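The values are calculated or read from the model by the stated rules, or taken from the named source; none is laboratory data. The structure displayed is predicted, hence computed values, not measured ones. In this analysis, Cβ positions are derived from the backbone assuming ideal geometry, glycine residues included, and neighbour counts consider all displayed protein chains. Areas reflect the complete protein model, heavy atoms only, side chains present, ligands, DNA and RNA absent. Shrake-Rupley method; radii C 1.70, N 1.55, O 1.52, S 1.80 Å.
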Amino acid sequence: MHAPARNRGRRDGRREGGGQQGRGFSGALLTPLLRRLLDRIDKGLVEGAIALTLPDGTTRRLGGRAPGPEAIVELNSARALWRLATGGSVGWFEAWQAGEWASPDPVPLFDLFVRNRASLGDAGRASGLGRLVRRGWHWLRRNDRGGARRNIAYHYDLGNDFYAPWLDAGMNYSSAMFPRADMTLEDAQLAKLDAVLARLGDRATGDILEIGCGWGGFMERARQRGARVTGITLSQAQKDYADARLGTAHDGGVRVELTDYRDVSGRYDAVVSIEMVEAVGQAYWPDYLATIARVLKPGGRAAIQYIAIDDAIFDAYAHNVDFIQTYVFPGGLLISERRFERIAAQHGLAWQDRVAFGADYAETLRRWRVAFDTAVADGRMPDAFDAAFLNLWRYYLMYCEGGFRGGGIWVAQVTLVKPA
């Protein structure tokens, strides 16, 4: 499990609850309930299918009405369905971790649940007391100033030696752009950075603020083009890496600050923010956009890369707590484009030139997972992280890849323009 630093390494990665003990959970009392859940999933799969093997060895095909992904799932214990019914994506992960279900490739399964999001309804979401408890816990992890710093540290301060073995050489932890399918990941990441810079027009060589500067990839690219760049982050590990990478102690044109976006001062020709808004939280979207409007000079431009979720399911998503929010990125929330654009307009920012490229994120995640698996197999991951923790992250990468392939979430770039 993903746990705070003091608890890492205490788990040895063995899964509990599977095997014969788990199979015994499919008692007669639960059989009607679980069969109804399977019937509901079967009915909700308008596209694609699941080839399901039940705990007693019998098989069942769910869906199959129209072309789509074909997922293979072995249900080792009925407990897995119970976890899905009560815990949604959190329960389904915990069942996988416990060995209660398995698949040779879970990505098509995650794709199916997103692709059929409208027809499946709440079949994959938490319910009952467990949902209320998770929502309360999620509220305690909200992104006020103290919470934001803790949440960012939880995810990014795992250490640079954790991320370096599977990210590209530029340490870009956001979607690449693939104008050509045969591009290397490094070249596709540079294509993304160049697309961001192009959105700034003649402001690209001026004073730029990057909100959420990561390990300094964009800052390095912009500095090469002659810009003066200030990057802000809440991650000490990222700041240390970016300082060393950019030589900030010797180059007055770049600096990295450990600063909350709400506390930024000064005026800038342009603002860049690459997949940082997902760490803001809906309650703080107005603060985030107000900051951009406040620091931009008249006529300034902001280039934003963000991950959004289908507006049709945003309310159901936002009122639940999913696997990623629970185990990987506390305080995180994908944006609703419609709502976000409306708030931007309220702060005088014009929404221009939106371009979505969700399939590119699916490919980025696939390549990250291949590199991640290779690093694990080669023993290049830090010793502090045990097998259970590494399995969690592999699941996370597959879960996200399936979501982008299913089309219910996407990544996009947009330019926000402040009037002259």
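Values computed for the structure shown
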quantity: Any hit, the stretch 201-209, residues being open to solvent by less than 10 Å² (accessible area, probe 1.4 Å), without any contact (Cβ under 8 Å) to a residue 40 or more places away in the chain and in contact with a strand residue (DSSP E or B) (Cβ under 6 Å, 6 or more places away or on another chain); calculated: no
quantity: Any pair with Cβ under 7 angstrom, 6 or more apart, that starts in the stretch 312-340 at a residue that is closer than 17 Å to Gly88 by Cα and without any contact (Cβ under 8 Å) to a residue 40 or more places away in the chain and ends at one that is of a type in the set (Gly, Ala, Ser) and open to solvent by less than 30 Å² (accessible area, probe 1.4 Å); calculated: Phe314/Ser336
quantity: Residue list for the stretch 75-118, restricted to those being open to solvent by less than 20 Å² (accessible area, probe 1.4 Å), of a type in the set (Phe, Trp, Tyr) and over 20 Å from Ala388 (Cα atoms); calculated: Phe110
quantity: Count of the stretch 319-357 residues which are surrounded by 20 or more Cβ atoms within 10 Å (Cβ to Cβ) and closer than 20 Å to Leu185 by Cα; calculated: 1
quantity: Some residue of the stretch 36-52 being in contact with a Leu (Cβ under 7 Å, 6 or more places away or on another chain) and open to solvent by 50 Å² or more (accessible area, probe 1.4 Å); calculated: no
quantity: Subset tally (residues that are assigned to a helix (DSSP H, G or I) and within 17 Å of the chain's Cα centre (by Cα)) for the stretch 314-325; calculated: 6
quantity: Qualifying residues in the stretch 244-262 (those that are out of contact with any strand residue (DSSP E or B) (no Cβ under 9 Å at 6 or more places or on another chain) and in contact (Cβ under 8 Å) with a residue 24 or more places away in the chain) - the one most open to solvent (accessible area, probe 1.4 Å); calculated: Arg245
quantity: Residue list for the stretch 387-420, restricted to those being in a helix (DSSP H, G or I), surrounded by 15 or more Cβ atoms within 10 Å (Cβ to Cβ) and over 15 Å from the mean Cα position of the chain (by Cα); calculated: Ala388, Phe389, Leu390, Asn391
quantity: Residue selected from the stretch 209-230 under the condition in a strand (DSSP E or B) and under 27 Å from Trp368 (Cβ atoms), by the criterion nearest to the chain's Cα centre (by Cα); calculated: Ile211
quantity: Flag for Ala303 being within 26 Å of Leu193 (Cβ to Cβ), in contact with a Ser or Thr (Cβ under 7 Å, 6 or more places away or on another chain), in contact (Cβ under 8 Å) with a residue 60 or more places away in the chain and of a type in the set (A, V, I, L, M); calculated: yes
quantity: Residue within the stretch 378-386 that is part of a loop (DSSP other than H, G, I, E, B), among the basic types (Lys, Arg) and open to solvent by 10 Å² or more (accessible area, probe 1.4 Å) present; calculated: yes
quantity: Any pair with Cβ under 8 angstrom, 6 or more apart, that starts in the stretch 59-74 at a residue that is open to solvent by 40 Å² or more (accessible area, probe 1.4 Å) and ends at one that is of a type in the set (Ser, Thr, Tyr) and outside any strand (DSSP E or B); calculated: Ile72/Ser103; Glu74/Ser103
quantity: Odd one out for Leu158 among (1) part of a helix (DSSP H, G or I); (2) at pLDDT below 95; calculated: (1)
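Each row is one residue, and each column tells you yes or no for (1) in contact (Cβ under 8 Å) with a residue 40 or more places away in the chain; (2) buried (at least 17 other Cβ atoms within 10 Å of the Cβ); (3) not aliphatic (A, V, I, L, M).
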| position | (1), (2), (3) |
| --- | --- |
| Ser175 | yes, yes, yes |
| Pro179 | no, no, yes |
| Gln189 | no, yes, yes |
| Leu197 | yes, yes, no |
| Met219 | no, yes, no |
| Gly226 | no, no, yes |
| Ala237 | yes, yes, no |
| Ala242 | no, yes, no |
